[in-house]
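Quick notes on the structure that follows.
Only the coordinates and a few stated rules stand behind these numbers; no lab work does. Keep in mind that what you see is a predicted model, and the values were worked out from it rather than measured. All Cβ positions, glycine included, derive from the backbone under ideal geometry; neighbour counts span all protein chains shown.
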Amino acid sequence: MSKVTLKILGSGREVGRAATAVGDGETFVLMDYGVNFSDNDEPQLPQHIRPTAVKAVAISHAHLDHIGAAPFLYISSQIPILMTSITRELAEIMIKDFLKLSGYYLPFEQVDLDTMVDNTIEIDYGKEYRFSDFVIKFINAGHIPGSGMILTEFNGTKVLYTGDVNTIDTYLVEGASTMGVSADVLVIEGTYGNSVHPPREEIVNEFLESVKEVVESGGNVLIPSFSLGRSQELMSIFAEKMPEAHIFYDGMVRRITEVMISHPEFINKYEALTKAANNFKAVRNSSERRRIVKGEGNIIISSAGMLKGGPAQYYLRKLSGSKKNAVFLVSYQAPGTPGRNLLEYGSVEEERKKISARLQWFDFSSHAGMDGLLKLAADLKGLKKIVLVHSDEAVGMQFKQRLEEIVGEGNVYFPTNGETLTFEF
């Protein structure tokens with residue numbers, strides 16, 4: 001008989017702040033250690049775990065809600081931390097920017113990030129890595145380049161942690177699959193566990209038609225976009241479908257695109273991305289921004305995706321007052337963010353005048369919908385227990401019922417932060 005203990009340190013009945021420890025109750029592998037943000041935009045870290053109990057940290061991907069708190073573990077420890085090579089480079093960029101913007105609120109500094117990087121072990125998909133009694137393997141997660149599902153084996157038991165996962169092919173990454181994979185326990189995200197996304201090709205076509213309508217009438221299109229992942233996907237789409245368009249990309253998009261170009265092994269349609277980087281214009285200063293907003297038929301891809309910062313705020317101020325322009329949102333808009341306010345009220349703040357520019361949202365999600373998530377679970381061999389994380393409570397309660405159709409009632413758990421689950425097989 002073997003025993004598996006899971007500590008839910010974050011993402012319990014919430015989206016983001018991912019952190020789950022799996023082990024025998026005494027020693028653990030920590031999978032992700034991310035952050036969320038309060039209504040006042042202050043970082044919220046996961047619950048604490050003693051670094052001496054952690055034999056290895058495994059990072060699924062480089063978004064802050066999965067990596068942002070990791071340097072905190074390295075204030076007084078030297079734990080090996082596993083991630084793909086591109087995730088290491090991207091994580092360093094993301095956390096440096098995080099320190100610059102939110103350092104006042106954080107319990108760690110640049111030196112702790114440096115220690116984390118020094119203890120990083122770059123891994124390859126499909127290879128096994130042993131730490132103490134644990135064997136760890138990464139499987140492509142299809143979320144962003146370098147993202148991985150994490151399979152941990154110990155005492156004859158296997159636990160698969162999906163991290164953020166997408167099961168469809170996009171211009172940027174190939175979709176995830178669990179065909180041929182066996183696991184006793186599945187720790188699965190449920191961000192969109194109660195909804196099904198429209199077909200990607202349908203979204204792309206609708207998006208391109210809308211963009212063409214605006215630019216052909218002399219308007220400019222602002223596309224606030226996540227700098228890591230979504231922006232590069234859109235750039236690749238434009239390179240293949242609208243190569244002659246006047247495309248500009250701004251903010252952190254520039255540096256992150258350079259990193260992706262240097263890692264072709266993680267990019268699905270690499271030629272499209274390199275074409276975009278070579279043919280489209282990276283914006284580097286305020287004078288270039290002023291020229292762009294005075295022009296006609298320009299398409300601007302800029303961080304931040306939720307309009308919380310970055311050059312996108314400048315472009316919004318300059319372009320939103322004209323009906324011939326458009327603001328196309330392509331990223332998830334969290335409650336309370338300027339982007340969410342824009343969608344709900346037509347302005348970034350509820351009491352302000354509504355924008356005149358055309359406003360539209362497109363479902364370019366990099367998370368699997370309910371159908372894809374259910375298939376991931378159903379395709380696993382030997383599955384006995386499912387732990388649902390990274391899901392709002394209302395969504396998760398609905399998704400839990402669907403998951404029970406796969407492993408049976410009483411075998412699906414939807415824990416809160418701080419809960420410890422123990423299974424015996």
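With just the Cα atoms defining each centre, how far is the stretch 166-237 from the stretch 320-354? Give it in Å. Here the two parts' Cα centres lie 20 Å apart.
Can you work out the FRET efficiency for the pair residue 353 and residue 291, with r the C-beta to C-beta distance and R0 = 22 Å, to the nearest 0.05? Step by step, r from the Cβ atoms, then E = 0.25. Rounded to the nearest 20 debye, the dipole magnitude of the stretch 200-361 is 760 debye, with +1 charges on Lys and Arg beta carbons, -1 on Asp and Glu beta carbons, and the Cα centre as origin. Sorting 197-205, 15-23, 259-267, 291-299 by average packing, meaning the other beta carbons within 10 Å per residue, from highest down gives 15-23, 259-267, 291-299, 197-205. Residue ranges 228-240, 300-312, 167-179 sort as 228-240, 300-312, 167-179 when ordered by packing (mean number of other C-beta atoms within 10 Å per residue, highest first).
Report, in debye and to the nearest 20, how large the dipole of the chain comes out about its Cα centre when Lys and Arg carry +1 and Asp and Glu carry -1 on their Cβ.
I would put it at about 1140 debye.
For the stretch 200-361, the tally of Lys pairs with Cα-Cα distances below 19 Å comes to 21, considering only residues 8 or more apart or on different chains.
For the chain, the residue among 279, 220, 85 whose Cα projects farthest onto the positive side of the dipole built from Cβ charges is 220. The helix-only estimate of mean residue ellipticity at 222 nm for the chain, built from DSSP H runs of length n ≥ 4 each weighted as -39500 (n - 2.57), is -9000 deg cm²/dmol after division by the residue total. Taking every C-alpha pair closer than 8 Å and separated by at least 6 residues, the mean separation divided by the residue count of the stretch 200-361 gives a relative contact order of 30 percent.
Dipole orientation for the chain: of the candidates 380, 310, 60, 310 has the Cα lying most toward the positive pole (charges on Cβ; Lys, Arg +1; Asp, Glu -1).
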